[in-house]
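A short reminder: the numbers here are calculations on the coordinates, not readings from a lab. Everything numeric in this text was worked out from a predicted model, so none of it was measured. Please note: Cβ atoms are built from the backbone with ideal geometry, for glycine as well, and neighbour counts cover all protein chains shown.
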Amino acid sequence: MASKRNHLRYSFSLPFSLYWYTGDRQATSKTFTAAAGKNKGGDLISGKRFEAGVDIGATKTALALFDAGTMLAQARYRTDVTLNAQETIAMLAQQLAQLAAQHGGHLSAIGIGAPSDIDYAHCYIRNTTNIPGLAACDLRQALQAYFGPIPIAADNDANTAALAEYRYGAGRGTEDMIYSTISTGIGGGLILNGKVYRGSHDYAGEIGHMIATPGIGVRCGRGHQGCFESYCGGANLYKHVQLRLAAGEQTMMTQWSAAENIDGKTWLRAWQAGDAMAQALLEQTGNYLGLLYYNLYQVLNLDRFVLGGGLTAFGEPLFNQIRAAFRRFAGTEAPAVSFFPAVLGEKAGLIGAHLLLAEKK
C-alpha cells in the first residue's frame, strides 16, 4: 500500500531561543486574550496567525511556532514541577503569547504533547506521574481562558513523537510501526494503518509496564514489579547497580557518583571506559528490550521499530544487542523486521504536537 502523507512541509529556519522561568510566581498571574484580538490592556493585536506545538517534559517545556507547515521559531523554559495546574498553564500561556508576539503575530491553534495519561477527545490530563500538578487538568478549557476559543489538541508525548517520525522521520514508507522511547522510562506510540492507535481509553502504547518477570525483580516508579521499564528504564538503573554491588561486583561508576544518583550519562561514560558492570547492564537492557519488541511483534505483526530517547546514545552496540535478542526469540519467523534510530531528535515532540491539529480538522 502506498504510504499516505500529510501535505505539510517542515523546515527549521531559526535556532533555539531560550526563555527560562526565573521563579517569579507573580508573573503567572498575567493574562492574555490573544485569540480574541486584544491583550490585557485592550490594545488590538495585529499580525500573523501562528499555530503552536508544545512538548511538555518533566525538566523542560519546548515551544514552536508554525506557519503553513513551516517551523518558524522555537523556545524552551524550565518546567517547574512544584507549580499547581493553574500556575503551570499560566506560565505556558505567557511563554506562548510572548513567543508569538516576538514574531509579529498571535496564536490560532495549539497542539500539545505531555508525558501523561490523556483523554484525547477532551484534552483532559487524567494523570501524570512526573508533573503531578497537571493531574486532573482540562487543557482545552484552561488554555482557551487565555487565548479564546481556538482549537486545542493534546496527546501523550510518545504518540506525538510516533506521529512525527511516521510522517517525516524514520517511519516514512510504512503504514505500521511502533515508536519506542528508551529513556527515563520505556514508552511507545503505535501507528497502525497509517494512524495513531490509542485504544479504547487512549492508553495504548504503555509498553514499558508490560510484565517481563511476574513477582520477580525491582519495582518501577508506578510500583510494578518485574515490568520491562523496571529492567530498562533509566530511572531504575541505580537499583540494578545496587543489586550488583551487593552481590560483590565492582564498577567505576561509584567513583563518579553515589550509587543512588547514577544516571544514563554516568553509565555511558563507564561503558565507554570498558567497565564490566556497565557492559553487563547494557546487555541486560538489550536482552529485555529484544524480548519486549518480540512480544509486540507477535501481537501486532509490525515490521518497523523506531527507537528514540536518551539511552539510544549508546548507538549501535545497544541496537545490535536488541536485534540479537529479538532474533533469538524469533528465529526465522520475522525476517523483515527492522530497528531504526529516530531521526528527528527533540523536534519530534514539537512536530508531532503540531500534527495533532491536522488530525482534529
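Mind checking the alpha-carbon convex hull of region 218-357 and giving the volume per residue in Å³? Spell out each step's value before the answer.
Working: hull volume 20.0 nm³, N = 140.
For region 218-357, the hull spanned by Cα atoms encloses 143 Å³ per residue.
Among the trypsin sites (Lys or Arg not before Pro) in region 205-299, those located in a DSSP loop and surrounded by at most 16 other Cβ atoms within 10 Å of their own Cβ are R222. Placing unit charges on each Cβ (+1 for Lys and Arg, -1 for Asp and Glu) gives the chain a dipole about its Cα centre, and among A93, A158, H122 the Cα reaching farthest toward its positive end belongs to A93. Debye calculation, C-alpha points only, no solvent: report log10 I(q)/I(0) for region 191-279 at q = 0.14, 0.21, 0.26 Å⁻¹, in the same order as the q values. One equal scatterer on each Cα of region 191-279 leads to -0.60, -0.98, -1.24. What FRET efficiency do you get for T70 and A145 if R0 is 22 Å and r is their Cβ-Cβ distance, rounded to the nearest 0.05? So the FRET efficiency works out to roughly 0.15. Each part reduced to its alpha carbon centroid, region 135-181 and region 258-310 end up 26 Å apart.
Net charge around S230, counting only other residues with Cβ within less than 12 Å of its Cβ (Lys, Arg = +1; Asp, Glu = -1)? Don't jump to the answer; show the numbers that get you there.
Values: positive: R219, R222, K239; negative: E229.
With Lys, Arg at +1 and Asp, Glu at -1, the neighbours total +2.
The GNM of the chain, with springs linking C-alpha atoms under 10 angstrom apart, assigns the highest mean-square fluctuation among A64, A121, A246 to A246.
The convex hull built on the alpha-carbon positions of region 271-343 has an orientation-averaged projected area of 4.9 nm². Once C-alpha pairs closer than 8 Å and six or more residues apart are averaged by separation and normalised to the residue number of the chain, the relative contact order reads 17 percent.
At full extension, N84 and E283 could sit 67.6 nm farther apart than now, given 0.36 nm per residue minus the alpha carbon distance. With each label modelled as a point 7 angstrom along the Cα→C-beta vector, the Q272-A101 pair spans 4.3 nm. Assuming charge only on the beta carbon of Lys and Arg (+1) and of Asp and Glu (-1), the dipole of the chain about its Cα centre is about 620 debye to the nearest 20. Charges were assigned to the Cβ only: +1 to each Lys and Arg, -1 to each Asp and Glu. The resulting dipole of region 173-341 about its Cα centre is roughly 120 debye. With both labels modelled 7 Å from their Cα along Cα-to-Cβ, the Y197 to E260 distance reads 4.1 nm. Here is how the number arises for the chain: DSSP H runs of 4 or more residues each give -39500 (n - 2.57), the sum is divided by the residue count, and the result at 222 nm is -10500 deg cm²/dmol.
Between 0 and 90 degrees, the angle of helix 347-360 with respect to the longest Cα principal axis of the chain falls at about 60 degrees.
On average, how much area does the Cα convex hull of the chain cover when viewed from any direction, in nm²?
On the way: hull surface 76.0 nm².
Mean projected area of the Cα convex hull: 19.0 nm².
Would you mind checking the tilt of helix 316-330 against the longest principal axis of the Cα atoms of the chain, expressed as 0 to 90 degrees and rounded to 10? It is inclined by approximately 70 degrees.
Using the alpha-carbon atoms, what tilt in degrees (0 to 90, nearest 10) does helix 85-102 show relative to the longest principal axis of the chain? For 85-102 against the chain, the angle is about 70 degrees.
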